[in-house]
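**Q** What follows is a single structure, and I will ask about it in a moment.
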Amino acid sequence: MEQLHFGVDYYPEHWEQARWDRDAALMRDMGIQMVRMAEFSWHKLQPREDVFDFGWLDEAIELLGKQGIYTIVGTPTAAPPAWMVHKHPDIFPVDREGRIRGFGGRHHDCQSNPTYRSYIRKLVAKMAEHYGQNPYVIGWQPDNELGNSHQELCTCASCRQHFQEWLRRKYQTAEELNRAWGTAFWSQEYNDFEEVPAPRITVTGENPSAMLDWKRFCSDLIVDFTREQVEIIRRYAKNQFVTHNYMGFADKVDYYKLGELLDFVSHDQYPGGFYLPETPHERNHILAATLDVVRSYKNQPFWIMEQQSGITGWEIMGRAPAPGQLSLWAMQSIAHGADAVVFFRWRTCAMGTEQYWHGILPHSGNPGRRYEELQDFIHEVNPLMEKLHGSMPQAQVGIVFSFEQEYAFQIQPHHKDLSYTGQVQKYYRALYEQNIPADFVPEQGDFSKYKLLLAPLQYLMSPELEEKYLDFVRQGGHLLLTMRTGVKDKTNLCMTEGELPGRLSEAAGVEVLDYDCLRDAQVKVLFGEEEFVANIWSDLLRLLPGTETLATYGSEFYEGEPCITAHAYGKGVCYYVGTEPGEALMDRLLAQICKNAGAEPILPPVTDVECMVRENDRERFLFVLNHAGETRSYQAPEGYRLLKGQQAGNLRPYEAQVLLMEK
Ligand code: GLA
Ligand code: ZN
């Protein structure tokens, strides 16, 4: 089958069937090659316990198929029907305050509930059997945005019991659990796993070790929930793919682990989401980082399963995308590694929670500005997508990104403005604005392909990970470590063997003798001749012989003491940053260490202009994206020819140019 590149999320069940033909014809004229359907339509597929009705979906699939439009089937398990939860109210999830969350939204389910799981097995098997050989069905999306809305859920009796079993498998005995969780504190010892609660709100305080295991358990539960569906689907659907729509940096499930179940990862990208910052400086690096992390989860090209196609909004709304902006954002997804883009949604819905989450067509169903823009875009870009297929950005910088570190900082953020993912994104921003591409890499990943590895907040540490970092530097890598590294073991107990950052002192050449949580104060930092500010935290360092001071504190009782250092170790260098550098300091620091490591910018930076490269064995594709509503110019590099755009070097407002170099 030919490669498919563009699609829409389609909800035929929201409209009269008499309209479907017109929808299909409009899609075809627009260049749409596929739709995703059915991921919230459980009741339509199984209106009663013993009645299944796939007829409407069969008709929609066939009608679209005849227009050359293929289908991705969503399993509807993100929205269990009223008859089911009415009959089995134990399916409803229970939050940390012990409150039952009711019907009327979506995701009103407990993912460990055995009754719910048996309904799912039955429905998914029927769907997979029914559609597994359908020539118009190309793939599957189990559930929708797994983890979405499950924050703080579920602490029901079933989840509690599953948690206890999970703990029993991990620790075997209550003694071992007590040791790992440090339950001697405040008399929290358990005589048996049966005594362990699912964490409800407490009178005061929480056990950080217990909470970390709870978050791991919740992630594993989602993986298990998905695995069950994927196994059923694969039994019947031998030639159809299985993917899932991720949400970038969302943390409820470890996306690396979830990715092991999937053929490829998909993602939902809403650059103009009403919940995001609006200024380009605050927003663009987050959009880019989100796409890069999605690519990194399986280290391969990905799909966008929902790409913004209009104003976003539930109860309140975001800005209207300006002419050209929807195409620019789709191109941004492609630049970071998307091999296909499915727009959410086809037509703006007239009913329900998402009446103001606008689709390509307005409520009236008449094609307008957004239809025309995306139609032109698809026709122009489709041939380019053929060439791009399978190509990847090749970064020289890796940023370590781990779900467990995120969990540990959610439990103990130290400072009201410190989050693990936020910190990772601050490092990313400085690279982004200097046009230095980066991958994210899991702790278990391959560090060796990077010249420079940034590893902020490596708080939970294991002897294996320590050894891996030491080895990376010994072999010639440049490694950046920061404050709060090596603080805890894997069960979230504090390390007590020696000074921080533990064995990593060997590479970093520093020992942390004391520290200061800065609350609302900023600390001055002197880097070369210049004065900067830093936030959140100050580590007070003792330098081991041979360690070089790059920056010193310029205020507080530790004025004049080292703040940022460099230490040669093996064939490489290890940097230690004892604070959170403010933006200007971050820019300065990363410019210097990227240069030292030989990590090159793609092009000289231009404000609001984003650059990315995708490459394969033969070709290098350079993307230059103007996020500004004004013209911008850049220095078009030698040896490239323009594949998309009017005049290389001159960007119209929101224009995306693509240039090609044959290797
Ligand atoms: C998410 C979901 C969609 C829809 C959109 C808009 O990405 O996957 O079902 O809810 O957001 O809110
Ligand atoms: Zn539950």
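**Q** Let me know the charge dipole size of the chain about its Cα centre in debye, to the nearest 20, where only the beta-carbon of Lys, Arg (+1) and Asp, Glu (-1) is charged.
**A** My answer is approximately 1320 debye.
**Q** May I pose another question? Within a 10 angstrom radius of the beta carbon, how do Ile564, Ile378, Ile120, Ile316 rank from fewest other beta carbons to most?
**A** On the way: Ile564 27, Ile378 20, Ile120 24, Ile316 9.
Lowest to highest Cβ neighbour count: Ile316, Ile378, Ile120, Ile564.
**Q** Normalised by the number of residues in region 397-597, what is the relative contact order in percent for Cα pairs under 8 Å and 6+ residues apart?
**A** For region 397-597, the relative contact order is 20 percent.
**Q** Further question: Any aspartates and glutamates with Cα under 15 Å of the Lys387 Cα? List them, leaving off those in the same chain fewer than 8 positions away.
**A** Partners found: Glu2, Asp339, Glu615, Asp617, Glu619, Glu662.
**Q** When a footprinting reagent is the concern and you count Cβ atoms within 10 Å, what order do Met385, Met661, Met34 take, fewest first? Show your work: numbers first, answer last.
**A** Details: Met385 18, Met661 15, Met34 24.
The fewest-first ordering by Cβ neighbours comes to Met661, Met385, Met34.
**Q** Considering only region 397-597, what is the antiparallel percent among its DSSP beta bridges, to the nearest 5? Display every interim value, and only then the final one.
**A** Numbers: 30 of 47 bridges.
In region 397-597, DSSP labels about 65 percent of beta bridges as antiparallel.
**Q** In Å, what Kirkwood hydrodynamic radius results for region 544-624 from the alpha-carbon pair distances?
**A** 15.6 Å
**Q** Once phi is turned into ³J(HN,Hα) by the Karplus curve 6.51 cos²θ - 1.76 cosθ + 1.60 with θ = phi - 60°, what whole-Hz value does each residue of region 639-656 show in order, with x for glycine and proline?
**A** x, 10, 10, 7, 9, 9, x, 8, 9, 4, x, 10, 10, 6, x, 6, 7, 10
**Q** Moving on. Using R₀ = 22 Å, calculate the FRET efficiency as 1/(1 + (r/R₀)^6) where r is the Cβ-Cβ separation of Thr279 and Arg369; round to 0.05.
**A** So the FRET efficiency works out to roughly 0.35.
**Q** Per residue and in cubic angstrom, what volume does the convex hull of the Cα atoms of region 609-662 have?
**A** Value for region 609-662: 59 Å³ per residue.
**Q** Beyond 22 Å between alpha-carbons counts as too far, so tell me which of Lys122/Lys170; Lys257/Lys416; Lys44/Lys122 fall in that bin.
**A** Exceeds cut-off: Lys122/Lys170; Lys257/Lys416.
**Q** Contact order normalised by length for the chain, with contacts defined as Cα pairs under 8 Å and 6 or more residues apart; what percent is it?
**A** 10 percent
**Q** Okay, moving on. Taking the Cα atoms of region 397-597, report the difference between the largest and smallest coordinate on each principal axis, in whole Å and largest first.
**A** 38, 37, 33
**Q** Which of the listed residues, Asn626, Gly104, Tyr469, is farthest toward the dipole's positive end in the chain, when Lys, Arg count +1 and Asp, Glu count -1 at the beta-carbon?
**A** Going by the charge dipole, the pick is Gly104.
**Q** Moving on. Please report Cys494, Cys594 as a ranked list, fewest other C-beta atoms within 10 angstrom at the top and most at the bottom.
**A** The fewest-first ordering by Cβ neighbours comes to Cys494, Cys594.
**Q** Next question, about the same structure. Taking the DSSP beta bridges in the chain as the whole, what percent of them are antiparallel, to the nearest 5?
**A** Of the beta bridges lying entirely in the chain, close to 55 percent run antiparallel.
**Q** Hey, how many Å between the Cα centroid of region 442-471 and the Cα centroid of region 218-286?
**A** 24 Å
**Q** Follow-up. What ranking do 437-443, 350-356 get when scored by the average of other Cβ atoms within 10 Å per residue, highest first? Numbers along the way, then the final one.
**A** Numbers: 437-443: 22.1, 350-356: 12.7.
Taking the mean over residues of other Cβ atoms within 10 Å, the ranking is 437-443, 350-356.
**Q** What is the gain in length, in nm to one decimal, between Met661 and Ala591 on full extension, counting 0.36 nm per residue of separation less the C-alpha to C-alpha distance?
**A** This chain segment gains 22.6 nm when fully extended.
**Q** Suppose a student asked you for the relative contact order of region 522-636, using Cα pairs under 8 Å spaced at least 6 residues apart; what percent would you report?
**A** 18 percent
**Q** If you don't mind, there's one more thing I want to ask. Mean residue ellipticity at 222 nm from the helices of the chain, using -39,500 (n - 2.57) per DSSP H segment of n ≥ 4 over the full residue count, to the nearest 500 deg cm²/dmol?
**A** -10000 deg cm²/dmol, from helical runs alone.
**Q** Relative to the present Cα-Cα distance, how much length would full extension add between Arg168 and Asn616 at 0.36 nm per residue of separation? Could the numbers behind the result be given before it?
**A** Working: separation 448, 0.36 × 448 = 161.28 nm, distance 4.74 nm.
Full extension from Arg168 to Asn616 adds 156.5 nm.
Read-outs throughout are calculated quantities, based only on the coordinates presented, and are distinct from any laboratory measurement. All values reported here derive from a predicted model rather than from experimental measurement. With ideal geometry, Cβ positions are generated from the backbone for all residues, glycine too; neighbour counts draw on all protein chains shown.
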